[in-house]
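Input: a single structure, listed below in structure tokens.
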Amino acid sequence: MSSKTDHIISEVFRLTSLRITKDDPVMAVLLMQQKMFDEAFAQLSSHQEQYAEAIAAHAENITAAAAKLETYREQLLIELAQQANNQIQGTENRVYASVSERVVRDVEAANAAFIDRLKKLLMFVSAAWGIGLLLLVGVVVFK
């Protein structure tokens with residue numbers, strides 16, 4: 001008790017430059033106040049430990065719930081990826097069918113146009129050869 005009293009007296013003097021003694025009535029008030037602070041801090045420490053234990057139990061529940069949510073999120077992402085792949089596959093098949101029909105039609109039309117041009121060219125070349133042969137025969141016969 002003497003060391004507490006001496007400590008309080010030195011702190012009062014350090015902070016206020018007022019000199020008090022062990023017999024001073026203010027000293028009794030300061031000692032009672034110090035005791036009340038010590039009890040309050042001890043009680044606060046005890047309550048903090050109780051709250052920490054209560055929070056720890058809730059923290060475990062929250063951690064478990066978060067792990068379940070993470071698992072659920074992963075499952076949802078897998079399902080979403082599968083649905084996207086199915087959607088892409090279905091779309092690819094429809095696009096391929098649509099495009100292949102158009103490509104076949106365009107190729108057939110281009111081939112028909114090419115054959116028509118070849119026929120015209122063949123008829124023109126045949127006519128030119130025919131005229132050339134007639135001229136050659138005419139030159140040979142009338143010479």
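Could you please let me know if ALA54 is modelled with pLDDT under 85, part of a helix (DSSP H, G or I) and not acidic (Asp, Glu)?
Working: modelled with pLDDT under 85: yes; part of a helix (DSSP H, G or I): yes; not acidic (Asp, Glu): yes.
Yes, satisfied.
Pairs under 6 Å by beta carbon, first residue open to solvent by 80 Å² or more (accessible area, probe 1.4 Å) in region 5-26, partner hydrophobic (A, V, I, L, M, F, W, C), six or more apart or different chains?
Cβ pairs passing all conditions: ARG19/PHE13.
Does region 75-95 include one or more residues that are among the acidic types (Asp, Glu), open to solvent by 100 Å² or more (accessible area, probe 1.4 Å), modelled with pLDDT of 90 or more and in a helix (DSSP H, G or I)?
Checking region 75-95: at least one residue is among the acidic types (Asp, Glu), open to solvent by 100 Å² or more (accessible area, probe 1.4 Å), modelled with pLDDT of 90 or more and in a helix (DSSP H, G or I).
Criterion first (aromatic (Phe, Trp, Tyr) and loosely packed, with under 10 Cβ neighbours inside 10 Å) does PHE142 satisfy it?
Criteria met by PHE142.
The values are calculated or read from the model by the stated rules, or taken from the named source; none is laboratory data. All of these numbers come straight from a predicted model, not from anything done at the bench. Methodologically, a virtual Cβ is constructed for each residue, glycine included, from the backbone with ideal geometry; neighbour enumeration extends over all protein chains shown. Ligands, DNA and RNA are stripped out before the accessible areas are found, and what is left, the full protein with its side chains, is counted by its heavy atoms. Shrake-Rupley method; radii C 1.70, N 1.55, O 1.52, S 1.80 Å.
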